[in-house]
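The values are calculated or read from the model by the stated rules, or taken from the named source; none is laboratory data. Computed from a prediction, not measured in an experiment: that's the story for all the values here. Counting neighbours? That spans all protein chains shown, and the Cβs are built from the backbone with ideal geometry, glycine included.
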Amino acid sequence: MLSSIGQDGSPDGTNQPEVRGTPMAETHDALTYNRVAKAFHWTIALLIAVMFVLGWTMDSESRTESHLTAVDFHMTLGLVIMVLVVLRLIWRLGNPPPPLPDHMSRMERRAAGLAHATLYALTFAIPAAGLIMVLYEGSADLFFGLIDLRGKPLGSEDVAELFSEIHMWLGWALVLVLVGHISAALGHHFFLKDGLLYRMLPALSRTRRA
């Protein structure tokens, strides 16, 4: 996820400012995600964290105003995440990710690609399942009342219950994949020390050049 760290060889041991457009700058930029990709990554990551907090703290039996506001916020953020994932994939088509470190084996590269594909799929599928659930149970109230479909169920409550289960289990699956994803990134950073983590950090990747 991030580019490697290195010293520029200056006599005083400090990194000298680098002029944009030089071969070193161009090489570094080729090894890091661009600003748009980083913005998508960290925005979606933040929203997912908020979604998990809301999802695990909401009491499904409560009907207080604060609970209903939390449910509305949870559903609305789900739709926002779905849109962001689609936009992120569209951007990725025209802006492929930087190459992985040369030392990674073919199997490791395939595992990394599979992990990223799974993350995209789960990040979209979880709110999609939740949306189907609330549409079928007639409890959808999105964007704080702008789209109010409460009392207008699409069909059987059995379908709503099915997608409620799917929503929950996909959420747990995402937790497992995220644990693996974060563990791999930290392993590359602290043990392999190949600079992979710096490909996605928004600030350090521009100040600590390879």
>> Can you tell me how many residues within the stretch 143-163 are more than 22 Å from the chain's Cα centre (by Cα) and either of a type in the set (Lys, Arg) or under 15 Å from Val71 (Cα atoms) (or both)?
In response: 8
> Does any residue of the stretch 87-108 turn out to be within 30 Å of Ile166 (Cα to Cα) and modelled with pLDDT under 90?
Replying inline: yes
> Would you call Asp141 touching a helix residue (DSSP H, G or I) at 6+ places or on another chain (Cβ under 7 Å) and either closer than 20 Å to Leu178 by Cβ or surrounded by 11 or more Cβ atoms within 10 Å (Cβ to Cβ) (or both)?
Replying inline: yes
> Cβ-Cβ below 8 Å, separation at least six or inter-chain, first residue in the stretch 146-160 and without any contact (Cβ under 8 Å) to a residue 40 or more places away in the chain, second in a strand (DSSP E or B): which pairs?
Replying inline: Ile147/Asp141; Asp148/Asp141; Asp148/Leu142; Leu149/Asp141; Leu149/Leu142; Arg150/Asp141
>> Whether any residue in the stretch 93-101 is touching a helix residue (DSSP H, G or I) at 6+ places or on another chain (Cβ under 9 Å), assigned to a helix (DSSP H, G or I) and within 20 Å of Ile48 (Cβ to Cβ) is what I want to check.
In response: no
> Among the residues of the stretch 156-195, how many are surrounded by 12 or more Cβ atoms within 10 Å (Cβ to Cβ) and either outside any helix (DSSP H, G or I) or in contact with a Cys (Cβ under 6 Å, 6 or more places away or on another chain) (or both)?
Replying inline: 2
> Mind checking which residues of the stretch 11-57 are modelled with pLDDT under 90, among the aromatic types (Phe, Trp, Tyr) and either surrounded by fewer than 10 Cβ atoms within 10 Å (Cβ to Cβ) or outside any loop (DSSP other than H, G, I, E, B) (or both)?
Replying inline: Phe52, Trp56
> Counting just the residues of the stretch 114-143 that are outside any helix (DSSP H, G or I) and in contact with a strand residue (DSSP E or B) (Cβ under 9 Å, 6 or more places away or on another chain), which one comes out modelled with the highest pLDDT?
Replying inline: Leu142
